[in-house]
Amino acid sequence: MSILSIFVIIPILMMGGLFLSKNMNQIRTVATIGSALQLIAAVALVVLFCGKRAAGDTAEMLFMADHVWFQALNIHYAVGVDGVSVAMILLSAIIVFAGVFASWKINPLPKEFFMWLILLSIGVYGFFISIDLFTMFMFYEVALIPMYLLIGIWGSGKKYYSAMKLTLMLMGGSALLLLGILGIYFNSSADGNLTMNILEIAANDAIPHSLQKIFFPLTFIGFGVLGAMFPFHTWSPDGHASAPTAVSMLHAGVLMKLGGYGCFRVAMYLMPYATQELSWIFLILTGISVFYGAYSACVQTDLKYINAYSSVSHCGLVLFALLMWNTTAMTGAIMQMLSHGLMTALFFALIGMIYGRTHTRDIREMGGLMKIMPFLSVCYVIAGLASLGLPGLSGFVAEMTIFVGAFDHTDTFRRVFTILACTSIVITAVYILRVVGKILYGPVQDEHHLKLTDAVWYEKFSTIVLIIAVAGIGIFPLWVSDLIRESIKVISERIIQ
Amino acid sequence: MDYSFSILILALPLFMFLTLALGGNKMSQKFAGLLGTAGLLTIAVLSYMVAFQYFGMDRVDGIRPALMPYNFEWLSFTDKLTINLGILLDPISVMMLVVITTVSLMVHIYSMGYMHGERGFQRYYAFLSLFTFSMLGLVVATNIFQMYIFWELVGVSSYLLIGFYYTKPSAVSASKKAFIVTRFADLGFLLGILLLSFYTETFSFDQLTADGGFFLTSTSGATFMGCSVAAWAMALIFMGGAGKSAMFPLHIWLPDAMEGPTPVSALIHAATMVVAGVYLVARLFPVYLSVPEVLELITWVGAITALYAAVVACVQSDIKRVLAFSTISQIAFMIVALGVCTSMIPSEGGLGYMASMFHLFTHAMFKALLFLGAGAVIHAVHSNEMSDMGGLRKYLPITHITFLIACLAIAGIPPFSGFFSKDEILAAAFNKSIFWGVWMTVVAAITAFYMFRLYFGIFWGKEAKHEHTPHESPATMTIPLIILAVITCVAGFIPFGEYITSNGEAYHIHLDMTVAITSVVCAVVAILLATWLFAKPNSKPEKMQAALPRLHKWAYNRFYMDNVYQFVTHRIIFAYISRPIAWFDRHIIDGTMDMFATVTNSVAEKIKGFQSGKLQVYVWIYIVGAMILAAAAIYTLCIK
């Protein structure tokens, strides 16, 4: 049994515990202990991983384990992690932990809510540890399905519409993905020993170039839908706007990262030839995402819409950087995933808390909140500054790594798109400061808001955890970047060949 | 020599910031103020120690060596490109340490009186510490990326301090404007850095500036739109500097930034942060010398800004705005001084470098003094408008005298410090060409005119009605004024050429008598003109205004630069880019997605009739189907 399976076992035990809980206190205890254990396990994994690497273990994946699951189709429960997966697992654990505190008072049906939430986290962890295509796909679906119920039942506004839209669009992506995966599987080996194992497929390098050109777009778009790639991003504003706080956090913070992760782990890593040939198409799409999302965010009036469009822009940058396929830009992409995950989770947590008090998310109906709820407002400013790339917070290091890496390409096409992407730092400042100026500063808009209270302990705890993580990456970026770079190098070198 | 204690210069303000930000609301105002001031006093003393040690050191090969007591890796991009954080001590950074800590200390002391009893007093001191930390980090940067990092941090401190009175809508929009305009300029800076580092494969200043030619050889041949890549990179980097230093046309944020508390204007928007652009050009001076076309651009930008801001300053009625435009104009002097340089050797065209740094030093002192004096005036009459002032010399004697000293200094009257530094700039401009010399002398004369218009408007002229008699400020406010006034009186006699020159070798400053006499005569004439117009209440100013109505109106409205920006941002970017994109997204892209759903639904709606459960229909369809099949079978089998 590999140590990695802990990340699946803990949530399963948690679900059992939740099932048996009888009242709110027990539910909270189980959720807190379970998510804390996950966080500890994730930190331990990082330490162990770095220890092994320091000890000179240069294998591509560590902590590998392989159990045959379905012999006829060569489906294995195969797990293993490299630096990128480790970083993603840590991210997920932090956000699940913060998410539990953000939904401390969830109502109605708290037990069911947490069970679905934990099921979702099983999918996420499982996805990041899998190195078998089918298992990976299965966990991917496990992560998507609960979203429908979580939004449909606990959501707000047009929740049925949003839940349906989100699920259907992501399912559409999955359908393409499944085709792609099957295509890869049936061409995974030249001598007939078909395999689902990513490492083996990469080692065989047997997918014909002509077929790569078909399967690459299928898988890339399939994962790209979840990564909010233009023009498949429209589930994101509606979905986020209707989702309850913790679900928004988890969805924008972790689930959207599944998209980016899948894009490079499956699409780019397994089909390097097609990546080189076709990346320009997706570079255009993601380049559009970057400034399209940013400009759209400038005129939105709903807080969650602003953040959803901002996510389109930031996640667009992730895919954009991946498609630059050099080590620096791809390292930046992974750092941007971490950074975006943490700060969007923070944003959505804060928006949820503000909405819970003011009962509006329309920025025109709020104002002067800094005076009424200083703690939440200060946190919101910090999240905003992280988003617009202030040095010392995580956004800056990620963006700079991406820009430096992307600038390494000398051809005019990529240069132009890089410069275009750079301009997003100005537009980001515009929409962030617009919101901050409107809702936090200025005179109080609504008399009723004067009676509102500031954050309570569990809300404070949730936001502080995220802020520490954001600042941690921002102030000490070297360890994160080293952790990621080593693993990314394998992939980028494979593409450049 | 041991400089390891210099890390404290950075660590202490950061620590002060965290203490005041996290624990501020548990402290009393008095304690927070004293804590902040005491911390800054320590930092100032440490900086003076560094300065004494550094300038007391013997020269090596005729120059003062650049030292790097700290430099560690913070983030690595590639094998060659890494961001280091460290401390670089060389003549200009040590001078900046002294300038920043001195002005900051004065502002800390002054604020205890000025901000007394304000809501958010602790927060104010926390932000001041954050600013001091960022600014010190900026000047001691060992590489251009470290500079960029702290560059952004000073930007955000400035944002927070301009928006200090956050319930006031004008302050909020001013802070937003300041941040976004400088951010836009920083985009140029960032692209410049990326371009520069792509070709040179280094961020570090010592490698970039090493013998000037290193950079050029590594980029030789690469051109873009008719200019070398080197020129593009350096011009883009200058764009960042122009944004921070409020050069035309990126100056529009600075006058609005006066919405912040006055001591903040003195510290950030007069003495320290706004000269970051000058410092940046000085830091990369050898590289700029190798791209003369960019230096030409810098000179033009500086000269136009200097003239523009000086003209606008003549007609503003808000005293802080007059000072803001005066700051823009004076910084432009420093920029021009750098722009007119033609070589590294001070006696052969490199004089401007020394002049620029000298003016930076003296200007920081007298402009901080002017702002703090203006703060004392505002404190006394509770208004920024000149019409609410007049005749205040009786009520505010200390402020009056110190303000007069500063006005004489900025006007360039000997023996005050501004005379010496401005004279060097004019000499450098005349060295380059008579055109620039005359241009800058004219601007210097306008400077003297508007400063004395301001002086007479506040302290002489017609006395406005006051609700209660204005009174002199408390000692915490007057002591910094006196200290700065003393520095302003003596700073001109510092043998600046001994410490800072373009090539590091000692240069003996000597006054160029023709230039000095011309400029002093011009200044005196301008002052006399101002005296004639404004010293006594009379109708002459109105007459002048009536004689040149259009010029006055345009200058008063700052030549409508703000309206141009307003038009571009609101009319073009918001109305013609953002809104259509948002509409397109909701209606076209999302509409397409929804269309798939509606089409599926309606098709399903159409075909669901087939599953009606009515047996007759099923049988009927069955028979029709069977007949069609039979017909088809017969057709294929028999006819063929």
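The values are calculated or read from the model by the stated rules, or taken from the named source; none is laboratory data. Keep in mind the model is a prediction, meaning the values are calculated, not measured. Note that each Cβ is placed from the backbone with ideal geometry, even for glycine, and that neighbours are counted across all protein chains shown.
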For segment B:324-381, the count of residues that are under 30 Å from B:Gly113 (Cβ atoms) and among the polar types (S, T, N, Q) equals 5
Looking at the structure I just gave you, is A:Ser236 in a helix (DSSP H, G or I), within 14 Å of chain B (Cβ to nearest Cβ), over 23 Å from A:Ile89 (Cβ atoms) and touching a residue at least 24 places away in the same chain (Cβ under 8 Å)?
yes
Specify the residue that is nearest to A:Val225 (Cα to Cα); the eligible residues are those in segment B:556-603 that are more than 9 Å from chain A (Cβ to nearest Cβ) and among the charged types (D, E, K, R).
B:Arg571
Of (1) under 13 Å from the mean Cα position of the chain (by Cα); (2) not in a helix (DSSP H, G or I), A:Ala252 fails just (2)
Report, by residue number, each residue of segment A:427-445 that is more than 7 Å from chain B (Cβ to nearest Cβ) and aliphatic (A, V, I, L, M).
A:Ile427, A:Ile432, A:Val435, A:Val436, A:Ile439, A:Leu440, A:Val444
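Looking at B:Phe366, is it of a type outside the set (A, V, I, L, M), crowded, with 24+ Cβ neighbours inside 10 Å and in contact with a Pro (Cβ under 9 Å, 6 or more places away or on another chain)? Even if it seems obvious, please write down each step before you answer.
Numbers: of a type outside the set (A, V, I, L, M): yes; crowded, with 24+ Cβ neighbours inside 10 Å: yes; in contact with a Pro (Cβ under 9 Å, 6 or more places away or on another chain): no.
Criteria not met by B:Phe366.
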Do we find a residue being over 29 Å from the mean Cα position of the chain (by Cα) and assigned to a loop (DSSP other than H, G, I, E, B) anywhere in segment B:492-501?
no
Only one of these is in contact (Cβ under 8 Å) with a residue 60 or more places away in the chain and more than 8 Å from every other protein chain (Cβ to nearest Cβ): B:Ser129, B:Ser197. Name it.
B:Ser129
Looking only at segment A:43-74, filter to residues that are over 26 Å from the mean Cα position of the chain (by Cα) and β-branched (Val, Ile, Thr); which one of those is modelled with the lowest pLDDT?
A:Thr58
Taking only segment A:373-426 into account, find how many residues are over 14 Å from A:Ser313 (Cβ atoms), at the interface with chain B (Cβ under 7 Å from one of its Cβ atoms) and of a type in the set (Ser, Thr, Tyr).
1
Quick one: B:Ser329 ticks every box in (1) touching a residue at least 60 places away in the same chain (Cβ under 8 Å); (2) more than 19 Å from B:Ser519 (Cβ to Cβ); (3) within 17 Å of the chain's Cα centre (by Cα); (4) crowded, with 24+ Cβ neighbours inside 10 Å bar one, so which box is it?
(2)
Only one of A:Leu18, A:Leu37, A:Leu13, A:Leu4 is over 23 Å from A:Tyr261 (Cβ atoms), touching a residue at least 60 places away in the same chain (Cβ under 8 Å) and either touching a strand residue (DSSP E or B) at 6+ places or on another chain (Cβ under 9 Å) or in a helix (DSSP H, G or I) (or both). Can you tell me which?
A:Leu18
Could you please give the count of residues in segment B:75-91 that are at the interface with chain A (Cβ under 10 Å from one of its Cβ atoms), in a strand (DSSP E or B) and in contact (Cβ under 8 Å) with a residue 24 or more places away in the chain?
2
Among residues belonging to segment A:294-311 that are touching an Asp or Glu at 6+ places or on another chain (Cβ under 9 Å) and buried (at least 24 other Cβ atoms within 10 Å of the Cβ), point out the one that is farthest from A:Ser492 (Cα to Cα).
A:Leu303
If a residue has to be surrounded by fewer than 24 Cβ atoms within 10 Å (Cβ to Cβ), assigned to a helix (DSSP H, G or I) and under 27 Å from the mean Cα position of the chain (by Cα) to count, how many in segment B:382-404 make the cut?
2
Kindly establish whether A:Val290 is of a type outside the set (Phe, Trp, Tyr), closer than 30 Å to A:Ile122 by Cβ and touching a residue at least 12 places away in the same chain (Cβ under 8 Å).
no
Taking segment A:145-167 and keeping residues touching a residue at least 60 places away in the same chain (Cβ under 8 Å) and either surrounded by 18 or more Cβ atoms within 10 Å (Cβ to Cβ) or hydrophobic (A, V, I, L, M, F, W, C) (or both) leaves A:Met147, A:Leu150, A:Ile151, A:Trp154, A:Gly155, A:Lys159, A:Ser162, A:Ala163, A:Lys165, A:Leu166
Here's a check for you: in segment A:390-411, which residue that is within 19 Å of A:Thr463 (Cα to Cα) and not polar (S, T, N, Q) is surrounded by the most Cβ atoms within 10 Å (Cβ to Cβ)?
A:Gly395
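Going by the structure shown, is B:Ala523 buried (at least 18 other Cβ atoms within 10 Å of the Cβ) and touching a residue at least 60 places away in the same chain (Cβ under 8 Å)? Talk me through it step by step, then tell me what you get.
Details: buried (at least 18 other Cβ atoms within 10 Å of the Cβ): yes; touching a residue at least 60 places away in the same chain (Cβ under 8 Å): yes.
Considered against the rule, which asks whether it is buried (at least 18 other Cβ atoms within 10 Å of the Cβ) and touching a residue at least 60 places away in the same chain (Cβ under 8 Å), B:Ala523 comes out as yes.
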Can you pull out the residues in segment A:353-371 that are in contact with a helix residue (DSSP H, G or I) (Cβ under 6 Å, 6 or more places away or on another chain) and within 13 Å of chain B (Cβ to nearest Cβ)?
A:Leu369, A:Met370
Tell me which residues, restricted to segment A:361-381, are of a type outside the set (Lys, Arg), outside any helix (DSSP H, G or I) and modelled with pLDDT of 85 or more.
A:Asp362, A:Met366, A:Met373
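Let's see how each residue does on (1) part of a helix (DSSP H, G or I); (2) more than 13 Å from chain A (Cβ to nearest Cβ); (3) among the hydrophobic types (A, V, I, L, M, F, W, C); (4) in contact (Cβ under 8 Å) with a residue 40 or more places away in the chain:
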| position | (1), (2), (3), (4) |
| --- | --- |
| B:Val99 | yes, yes, yes, yes |
| B:Met106 | yes, yes, yes, yes |
| B:Gly113 | yes, yes, no, yes |
| B:Leu136 | yes, yes, yes, yes |
| B:Met147 | yes, no, yes, yes |
| B:Leu153 | yes, no, yes, no |
| B:Ser158 | yes, no, no, yes |
| B:Leu161 | yes, yes, yes, yes |
Taking the stated definitions as given, is B:Val172 under 26 Å from B:Ala266 (Cβ atoms) and at the interface with another protein chain (Cβ under 9 Å from one of its Cβ atoms)?
yes
Of the residues in segment B:431-480, those that are under 20 Å from B:Met386 (Cβ atoms), in contact with a Phe, Trp or Tyr (Cβ under 8 Å, 6 or more places away or on another chain) and aliphatic (A, V, I, L, M) come to B:Ile458
